[in-house]
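What follows is a set of notes on a single structure, which appears directly below.
The values are calculated or read from the model by the stated rules, or taken from the named source; none is laboratory data. Just so you know, these numbers come straight off a predicted model, no measurement behind them. Positions of Cβ are generated from backbone atoms using ideal geometry, with glycine treated the same way; all protein chains shown enter the neighbour counts.
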Amino acid sequence: MAYTLTWEDFPANTDRVCHLIRRFQADREALNHLLTTPWSPIHREKFREFYQSWQTTIDRIPFDCLSPMDRADWVLLNNLLVTELRNIGKEEARWAEMEPLLPALLDLIALEDERRQLVDIDPVQIAERLDSALTAIRYRRRESETDLEAGREVARTTVANRAAQALASVLLQLEEWYGFYAGYDPLFTWWVECPYQAWREEAVGYVDFLRKRLANAKNGETIIGDPVGREGILDELRQNLIPYSPEELIAIARREAGWCQAELIRAAQDMGLGDDWRQALESVKSRHVAPGEQPRLIRDLANEAVEFLERHDLLTINNIARETWCMQMMSPEMQKVNPFFLGGEDIIVSFPTNAMEHAQKQMSLRGNNRHFARATVQHELIPGHRMQMLAMVRYHDYRTIFYTPFWMEGWTLHWEMLLWDLGFAQSPEDRIGMLFWRLHRCARVEFSLGFHLGKMTPQECVEMLVNEVGHERANAEAEVRRSFGGDYDPLYQLAYLIGGLQVRALHREVVEGGKMSHRQFHDAFLGENCVPISLLRALFLGEPIEREFDWRWRFCG
């Protein structure tokens, strides 16, 4: 897939790499529109060719002649291309682990690829492919059952669970494939209906077998996850320009946790409870509003945060940001994965409903009490994710493809730290609410790295949140399920604290160094959109940005 656009196609004396990035984004979206089949070798082949073609394109750019902004954008695009090519290789390796459990599935995956590329079909040949796949999956299941009865391991739990997820996703895709032809093409329907339905019925049962027998997921509550290993973590750290080892990050988190626990003891003493911060935490959890009153509380807390920011001249808040957010209530099913608030354009509020069991109601009430909520509302709305979501479509919007959780969640954690420093907490109970979340961020670093390094099981992660942070058990299980369910990058959970420490270090360097005011710094941060903090630092400080960007900024003492 040759890419023919030349550098000279864009006007001189302007920032030009952004135009290349927009073209790259449009072309990638077009490819993604065509190539949607999960685990497809054709998908990987086409995208490998696409990314390599783009590497050739940007390598021809005269880097030494670029403006600082163009240099930053070049580094961002190059980093993305390297990362995507590496991810293709990782997906191939992950498929190779699963393939023995998924016989003939590649042949069926190819059916949807062929449909999307408008290849003429042969219904007889398709029926034979489905029939062969049916025979193969039945044989593989019998083999696995024999091995289980003999006490032999068939596959690692994580691989079996991943294989179940892969087969389930292919089942959904083939439903769309079958619906495209069935009833419209009489010859297709005559030949293919029976072998397709037979394979589908067998495959649905096999997904259940993979989950329950091979992955030991006895019910929907089992947390399994898929650890990426040490090399996977190091790759992710390099991608996000973080120059620390996993062990160093855990040490940083433990140091921060020690500070949190010391402050919790001080708050407990101010509540007249001596050094028993856990008793103080229990007291705070009991201070929730009555059913039906949570929306009013959230509204008032949101307004309080905005007033505090404006009083201290910390951030430019326009009327669009202030007036256009909305509120939704989170369903009981969603609360099993997201027990606390979510935010962005709107805030999605957790609170018990009448349909919950009594124990669930109690845990939701305690986990979303007024003091925890006070520390959460500003994280999700203003100055947190609400301001970021607006900025991402207003300023340098082409940079959204370089999304990094260290920019996204680091911003909100920086605010939690800065608001603490500026006295946002009005009472010992407010301080405990803020400290609970900060301690939670520290635990996220340790348990997420521990899991991906193979040193902690999901259940041990749950116990850590319950015993060392003070979570309600159901909320801790939901947190761990969310962390390892596959919807988040391996580093996402540690990016809160570590990204926050990055932003905090840059804020100190720039604001305390007299280069910007609080407001100027925060406005400029949002104005740059999704940029790794190390690269943002170079832009803010006017440091030279080279083709091989030096990302070894050690932001933690």
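Things worth noting here:
- Considered as a group, the residues in the range 375-419 that are acidic (Asp, Glu) and out of contact with any strand residue (DSSP E or B) (no Cβ under 9 Å at 6 or more places or on another chain) include one that is farthest from residue 305 (Cα to Cα), and that residue is 397.
Yes or no, residue by residue, for (1) at pLDDT below 95; (2) hydrophobic (A, V, I, L, M, F, W, C):
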{"residue": "178", "(1), (2)": "no, no"}
{"residue": "190", "(1), (2)": "no, yes"}
{"residue": "195", "(1), (2)": "no, no"}
{"residue": "209", "(1), (2)": "no, yes"}
{"residue": "225", "(1), (2)": "yes, no"}
{"residue": "233", "(1), (2)": "no, yes"}
{"residue": "255", "(1), (2)": "no, no"}
{"residue": "268", "(1), (2)": "no, yes"}
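Residues are listed down the side, and each one gets a yes or a no for (1) touching a helix residue (DSSP H, G or I) at 6+ places or on another chain (Cβ under 6 Å); (2) modelled with pLDDT of 95 or more:
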position: 475; (1), (2): yes, no
position: 481; (1), (2): no, no
position: 487; (1), (2): no, no
position: 505; (1), (2): no, yes
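- The single condition among (1) without any contact (Cβ under 8 Å) to a residue 24 or more places away in the chain; (2) out of contact with any Lys or Arg (no Cβ under 9 Å at 6 or more places or on another chain); (3) farther than 15 Å from residue 197 by Cα that residue 146 does not satisfy is (2).
- Put simply, of 402, 341 the only residue that is surrounded by fewer than 23 Cβ atoms within 10 Å (Cβ to Cβ), under 24 Å from residue 505 (Cα atoms) and not small (Gly, Ala, Ser) is 402.
- Residue in the range 204-213 that is surrounded by 13 or more Cβ atoms within 10 Å (Cβ to Cβ), of a type outside the set (S, T, N, Q) and within 25 Å of the chain's Cα centre (by Cα) present: yes
- Hey, residue 135 within 30 Å of residue 484 (Cα to Cα), in a helix (DSSP H, G or I) and out of contact with any His (no Cβ under 9 Å at 6 or more places or on another chain) or not: no
- Filter result for the condition that a residue is crowded, with 18+ Cβ neighbours inside 10 Å, over 21 Å from the mean Cα position of the chain (by Cα) and among the charged types (D, E, K, R), over 504, 552: 504
- Among the residues here, residue 241 does not qualify as assigned to a helix (DSSP H, G or I) and either buried (at least 18 other Cβ atoms within 10 Å of the Cβ) or touching a residue at least 40 places away in the same chain (Cβ under 8 Å) (or both).
- Verdict on residue 66 being closer than 25 Å to residue 231 by Cβ and either outside the structural domain of residue 168 (by TED's automatic domain parsing) or among the β-branched types (Val, Ile, Thr) (or both): no
- Taking every residue in the range 447-461 that is farther than 19 Å from residue 257 by Cα and pairing it with any residue that is surrounded by 15 or more Cβ atoms within 10 Å (Cβ to Cβ) and of a type in the set (Ser, Thr, Tyr), at least 6 positions away or on another chain, the pairs with Cβ-Cβ distances below 9 Å are 458/222; 458/483.
- Counted residues, the range 35-82 - those being within 17 Å of residue 532 (Cα to Cα) and buried (at least 17 other Cβ atoms within 10 Å of the Cβ): 13
- Counting only residues that are exposed (fewer than 14 other Cβ atoms within 10 Å of the Cβ), closer than 25 Å to residue 477 by Cα and within 28 Å of the chain's Cα centre (by Cα), the range 288-328 holds 1 of them.
- Residue in the range 148-160 that is among the acidic types (Asp, Glu), at pLDDT 95 or above, within 28 Å of residue 484 (Cα to Cα) and under 34 Å from the mean Cα position of the chain (by Cα) present: no
- Scan of the range 492-515 for residues that are hydrophobic (A, V, I, L, M, F, W, C) and touching a Phe, Trp or Tyr at 6+ places or on another chain (Cβ under 8 Å), ordered by number: 495, 498, 501, 503, 505, 506, 510, 511
- So residue 116, is it farther than 23 Å from residue 451 by Cβ and assigned by TED's automatic domain parsing to the domain that holds residue 185: yes
- Residue match in the range 150-159 (condition: assigned to a helix (DSSP H, G or I), within 19 Å of residue 110 (Cβ to Cβ), touching a residue at least 60 places away in the same chain (Cβ under 8 Å) and in contact with a helix residue (DSSP H, G or I) (Cβ under 6 Å, 6 or more places away or on another chain)): no
- Test result for residue 186, surrounded by 14 or more Cβ atoms within 10 Å (Cβ to Cβ) and not acidic (Asp, Glu): no
- Scanning the range 113-125 for residues that are more than 10 Å from residue 177 (Cβ to Cβ) and in a helix (DSSP H, G or I) returns 123, 124, 125.
- Annotation: residue 445 fulfils all but one of (1) under 23 Å from residue 245 (Cβ atoms); (2) surrounded by fewer than 22 Cβ atoms within 10 Å (Cβ to Cβ); (3) of a type outside the set (Gly, Ala, Ser); (4) at pLDDT 95 or above; the unmet one is (2).
- For the range 87-112, a residue qualifies if it is part of a loop (DSSP other than H, G, I, E, B) and of a type in the set (A, V, I, L, M), and the qualifying residues are 102, 104.
- So residue 321, is it assigned to a helix (DSSP H, G or I) and modelled with pLDDT of 90 or more: yes
- Top-ranked residue in the range 88-103 [being crowded, with 18+ Cβ neighbours inside 10 Å and aliphatic (A, V, I, L, M); ranked as farthest from residue 39 (Cα to Cα)]: 101
- Check on residue 264, surrounded by 21 or more Cβ atoms within 10 Å (Cβ to Cβ), in contact (Cβ under 8 Å) with a residue 40 or more places away in the chain and more than 24 Å from residue 447 (Cβ to Cβ): no
- Selected residue [loosely packed, with under 13 Cβ neighbours inside 10 Å and among the charged types (D, E, K, R)] from 162, 152, 129: 152
- Here residue 526 meets the list (1) free of Cβ contacts under 8 Å to residues at least 12 places away in the same chain; (2) farther than 13 Å from residue 418 by Cβ; (3) buried (at least 16 other Cβ atoms within 10 Å of the Cβ) almost entirely, failing just condition (1).
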